[in-house]
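Rule-based calculations on the coordinates, nothing more; no lab input. These numbers were taken from a predicted model, which means no experiment stands behind them.
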Amino acid sequence: MQGLVAGVDRKARLAGQLLGAERGWDPHAVGRLIVMPESTANRNLVARHASTFGAAFPARSREVRAWLRRPSGDMAGL
């Protein structure tokens with residue numbers, strides 16, 4: 001779990017910097033999403049680590065879909 005959260009966080013932080021340096025872009029929003037297939041095993045995994053997922057990726061399906069339609073600010077979701 002620590003590797004997953006740290007890796008996604010690092011990539012999100014560096015994405016804006018790299019895009020700015022390489023392409024001159026200045027992103028106004030960065031999303032951090034964990035997307036996984038619907039399955040009992042994945043539901044159990046999320047349930048076992050509910051506090052970690054809740055803290056690192058608090059948004060869920062409805063909020064994520066709304067953000068994808070109109071990104072506004074940073075977002076982290078599952």
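Quick notes on this one:
- Under 5 Å from the amide H of GLY31 lie the amide H atoms of MET75, each residue being 5 or more positions distant or on a separate chain, with H modelled from the backbone and absent for Pro and chain starts.
- Mean silhouette area of the chain, derived from the convex hull of its C-alpha atoms and averaged over all directions, reads 5.7 nm².
- Most fluctuating residue given options GLY20, GLY54, GLY31, as computed from a GNM of the chain linking Cα atoms under 10 Å: GLY20
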